[in-house]
Amino acid sequence: MTPVSSKLYTDDVSLLMVLIDTNPFFWNSVKSTLAFSTFLSNVLAFLNSILLLNQLNQVVVIATGYNSCDYIFDSSDSQSQTQRVEQMLQKLEEFVDKDESLGREDSVDGPGFSLLSGSLSMALCYIQRVFRSGPLHPQPRILCLHGSPDGPGQYVAVMNSIFSAQRSMVPIDSCVLGAQHSAFLQQASYITGGVYLKPQLLDGLFQYLATVFATDLHSRAFLQLPKPAGVDFRASCFCHKNTIDMGYICSVCLSIFCKHQKKCSTCGSVFGQAQTQDSSTPDRKRKTPLDA
Amino acid sequence: MADKQVMKRAKYKSSVKDPGVAGVLKLNIERFVFMPNDPKASTKLNVEFRMITGHKFTKEGSSKQALLNLTQEQGGNYIFEFDSFADRDVCREFVAAAIAFHSEAGKATTENSAALVNSEQLSRAETERRIKLLQENSELQRLHRQFVFGGILTDAEFWATRKKLLDQNDNRRPKQRVALKNEMWTVKPLSDGQSNRVTFNLTPEIIHQIFAEKPAVRQAYLSFVPNKMTEKEFWTKYSRAEYLHSTKNVVAAAAEAAEDEELAVFLKRDDMLANEARRKIRRVDPTVDMEADEGDDYIHLPDHGLFQNETKDVLESQYEPYRRSFSQDLNQHAAVVLQGRLVDVELGDPRSVAEALSRTKQAEVSDEISNRNLEKELSDRISRIAEIEDLQGPRDPAVAPLSIKDPRDYFDSQQANAVKALGDAGSGAKPLKSSVSPREAYGSLTDLVSDIRVMGLSEPIMNPEVALKVLNGLTQSISSTKFHLGKNPRESVLDSLPKVTKEELLHHWTSVQELLKHFWSSYPITTKYLYTKVTRLKDAMSQVYPKLQEIKESVQSDFRHQVSLLVHPMLQALDAAFAHYDADVQKRSAKSGERFNGFG
């Protein structure tokens with residue numbers, strides 16, 4: 001293990017963690033607009049260009065599956081350049097097989113959710129490992145190529161990953177391929193200072209990737225990158241996993257609920273009953289005459 | 001507004017004693033006109049308010065006549081006597097408003113003229129404060145004009161919601177109290193060098209300080225001065241004593257004291273001070289360990305490191321009471337200065353100062369006596385601090401343990417709702433209801449992956465035209481967000497609007513807010529008064545409604561969207577108010593109907 005003091009600190013060497021959404025249900029639903037193979041070829045070209053930008057650049061690809069996540073590519077593994085793509089695709093196939101074997105459900109409605117929280121955590125772990133070992137101290141960033149809708153059930157885990165990324169100053173860039181905006185990734189990019197982008201023309205994905213996400217963190221300071229017009233800050237309630245605008249917060253552990261609870265389901269605190277009759281209803285009261 | 005006027009029967013008098021000429025006084029915003037009842041009388045008056053600088057009036061309730069005295073700029077004045085105080089007050093308020101109106105230079109139109117006519121009796125100061133506020137705040141003035149003159153709100157209602165503003169304005173001039181001088185009064189005898197006379201200068205300020213610092217002198221003053229000796233004698237004696245002290249000749253001081261018992265009072269150590277010091281020592285926190293703290297500071301240095309050539313020689317015990325230490329004086333002085341000025345008495349009269357100081361001291365002492373809890377608290381504290389840790393039982397932690405239940409509960413519960421949430425989340429742009437079996441989905445995914453393995457990357461990756469489109473799109477969106485959101489977060493949509501529209505919008509916003517504030521605050525309706533008020537407010541609000549629509553339509557199409565976004569919340573708030581009003585009216589009619597049935 002190289003001692004930290006002798007590490008090579010540079011501002012133009014990047015460690016790019018790419019999280020690829022491999023949720024089969026999502027890719028199946030967008031087969032006509034953006035085939036997974038088209039997507040892959042765009043991403044592979046992008047990864048190659050990142051590696052070409054600086055000899056010391058490192059790219060790690062994590063597959064975000066439906067049932068599991070795994071590392072499928074690491075450019076620091078010694079391998080001949082020509083076999084890179086071949087190796088990654090092979091790993092990806094293996095991963096998909098494994099992911100399928102882990103599944104239990106017979107049929108899934110809609111695109112389902114991929115395990116964003118899992119792959120974010122893996123990316124952060126990898127970054128920490130690079131920080132603590134190896135000869136280089138690159139500038140890390142995470143790029144989420146995500147298509148599946150947000151899984152409200154992962155809200156807490158995703159938010160925790162976001163905050164730990166913020167703490168270790170790792171920006172999370174997001175490129176949303178699905179039909180809707182992703183509130184999770186909007187918040188992730190907003191909190192960590194990354195770029196959030198939802199491409200309009202999926203055919204030109206490579207162009208988006210190369211224009212917006214290829215520059216290293218140092219150069220970003222000099223560029224005008226797309227800014228989102230607004231961020232969806234809504235949270236998911238812990239009780240029904242609904243996305244809510246207004247709710248109740250546990251005063252002890254800050255858990256979020258959509259309805260008044262007698263007891264916090266996370267930490268077990270018992271809530272007072274005192275003003276529930278008065279203070280919880282005025283909002284409703286004001287609304288009823290509106291409906292009438 | 002100019003047509004608002006007040007007409008009252010009054011007598012015009014050239015002076016207070018003058019019986020006066022009976023007639024009619026007509027007031028409007030521009031001028032007041034007095035027409036005598038007797039058309040032949042020559043005392044017709046027609047004066048512009050512009051010329052009037054102030055007004056005076058007699059207090060109500062006294063047996064005096066109801067007089068109003070208008071002071072003219074050039075010095076003369078007009079005195080009117082009214083039949084009743086009510087008449088007078090109406091005129092007085094009108095005049096106050098008119099004068100305020102004219103004193104506002106340049107603003108020829110409008111202003112708060114007659115609206116002050118209300119049943120409530122306002123003190124003059126109150127009226128002035130309101131007028132001042134209106135003058136300072138043009139927005140408030142606009143609102144006031146719109147609603148109070150428009151008859152939607154009464155003056156009292158308008159100001160009732162702004163009590164805080166009035167109070168603030170009032171508190172703006174705090175009365176600052178001057179503290180005691182942080183300077184020890186040391187006797188600096190002014191000797192002329194020729195005779196043996198020594199002169200002392202005493203000012204009321206210094207006397208106050210002496211009284212505050214030396215309770216014994218105060219006591220002596222109170223007991224001696226009017227009876228035993230004159231004030232001058234007293235201070236001469238005091239100065240002599242101070243002089244003796246300054247010579248540091250303890251033996252001489254003792255000798256003089258033996259001869260003159262009054263002088264002895266000044267020369268002996270102050271017993272009252274000593275008592276007070278003892279009392280204070282009793283109240284010192286018993287947990288303070290002076291010995292332990294000794295090493296921490298410099299109190300072990302003699303005289304705190306201050307050089308003082310005090311007589312160090314040992315004296316016989318009989319002289320002991322005549323010694324005074326510098327540090328004692330210093331401490332006493334510091335305590336008095338820190339305490340600040342306790343009494344608020346005119347400093348001119350030493351006697352009243354002395355008495356006031358004695359009173360406050362006594363009050364302090366009696367406070368302490370009554371405060372028996374203090375001792376208990378002290379003993380509690382001792383027992384708490386002095387407890388022996390080994391003998392104490394284990395103390396419970398002061399916090400409740402946080403029990404995070406099995407996190408699986410939380411994650412499991414999601415499964416049940418997953419399907420439901422899925423429907424919600426999936427139905428964004430296009431509902432994806434296609435149900436796919438996992439085998440099929442995974443199959444197609446692996447097929448696609450193997451496709452690419454076999455075929456290799458597509459060449460070229462993408463169409464150059466698409467790339468150009470993307471690039472243009474990105475550039476455009478970046479430059480437009482930069483333009484719209486700006487570098488300055490304070491830059492708002494409002495600033496991009498034409499100035500007229502912006503002002504109009506802001507004005508409507510404040511007026512809608514004002515109306516809504518009054519509207520909602522009058523619910524629940526308990527009196528008839530509130531009912532009429534609400535009705536009035538509702539009418540006013542329904543007048544604002546089309547105006548907002550007008551604004552929306554009047555602006556250019558570029559801004560229409562933004563303006564409608566701004567107007568929308570106002571309309572919504574108004575709608576909510578209307579809905580509430582309608583619902584309330586329905587409820588009321590239903591209730592009254594029931595009651596009617598009940599009676600029938």
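The values are calculated or read from the model by the stated rules, or taken from the named source; none is laboratory data. As the structure is a computational prediction, the values presented were derived from the model and not from experiment. In this analysis, Cβ positions are derived from the backbone assuming ideal geometry, glycine residues included, and neighbour counts consider all displayed protein chains. Just so you know, the surface numbers come from the protein's heavy atoms only, side chains and all, with ligands and any DNA or RNA stripped out. Shrake-Rupley method; radii C 1.70, N 1.55, O 1.52, S 1.80 Å.
Observations, loosely collected:
- Only one of A:Ala221, A:Ala183, A:Ala165, A:Ala157 that is among the aliphatic types (A, V, I, L, M) and touching an Asp or Glu at 6+ places or on another chain (Cβ under 7 Å): A:Ala183
- Within the range A:176-223, the set of residues being more than 14 Å from chain B (Cβ to nearest Cβ), buried (at least 23 other Cβ atoms within 10 Å of the Cβ) and assigned to a loop (DSSP other than H, G, I, E, B) comprises just one member, A:Gly194.
- Taken together, A:Gly134, A:Gly178 contain a single residue that is of a type in the set (Gly, Ala, Ser) and under 15 Å from A:Thr64 (Cα atoms), which is A:Gly178.
- When A:Leu115 is tested against (1) modelled with pLDDT of 90 or more; (2) open to solvent by 20 Å² or more (accessible area, probe 1.4 Å); (3) under 30 Å from A:Tyr9 (Cβ atoms), only condition (3) is not met.
- Hits in the range B:557-577 (condition: more than 35 Å from the chain's Cα centre (by Cα), open to solvent by 20 Å² or more (accessible area, probe 1.4 Å) and in contact (Cβ under 8 Å) with a residue 12 or more places away in the chain): B:Phe559, B:Gln562, B:Ser564, B:Leu565
- So A:Gly230, is it within 30 Å of A:Thr33 (Cβ to Cβ) and surrounded by fewer than 17 Cβ atoms within 10 Å (Cβ to Cβ): yes
- Beta carbons closer than 7 Å, at least 6 apart along the sequence or on distinct chains, pair a first residue in the range A:33-47 that is within 7 Å of chain B (Cβ to nearest Cβ) with a second that is of a type in the set (S, T, N, Q) for A:Ser41/B:Ser458.
- Within the span defined as the range A:54-64, one or more residues are within 14 Å of another protein chain (Cβ to nearest Cβ) and out of contact with any His (no Cβ under 9 Å at 6 or more places or on another chain).
- Between A:Asp150, A:Asp173, the distinction of being among the acidic types (Asp, Glu), more than 13 Å from every other protein chain (Cβ to nearest Cβ) and buried (at least 20 other Cβ atoms within 10 Å of the Cβ) belongs to A:Asp173 only.
- So A:Ser101, is it surrounded by 24 or more Cβ atoms within 10 Å (Cβ to Cβ), over 17 Å from A:Ser189 (Cβ atoms) and within 14 Å of another protein chain (Cβ to nearest Cβ): no
- Selection status of B:Phe158, modelled with pLDDT of 75 or more, of a type in the set (Phe, Trp, Tyr) and under 23 Å from the mean Cα position of the chain (by Cα): yes
- If you filter the range A:233-252 down to residues that are closer than 14 Å to A:Thr266 by Cα and open to solvent by 90 Å² or more (accessible area, probe 1.4 Å), you find that the one that is nearest to the other protein chains (Cβ to nearest Cβ) is A:Ser251.
- Qualifying residue in the range A:57-67 (condition: open to solvent by less than 10 Å² (accessible area, probe 1.4 Å) and not aliphatic (A, V, I, L, M)): yes
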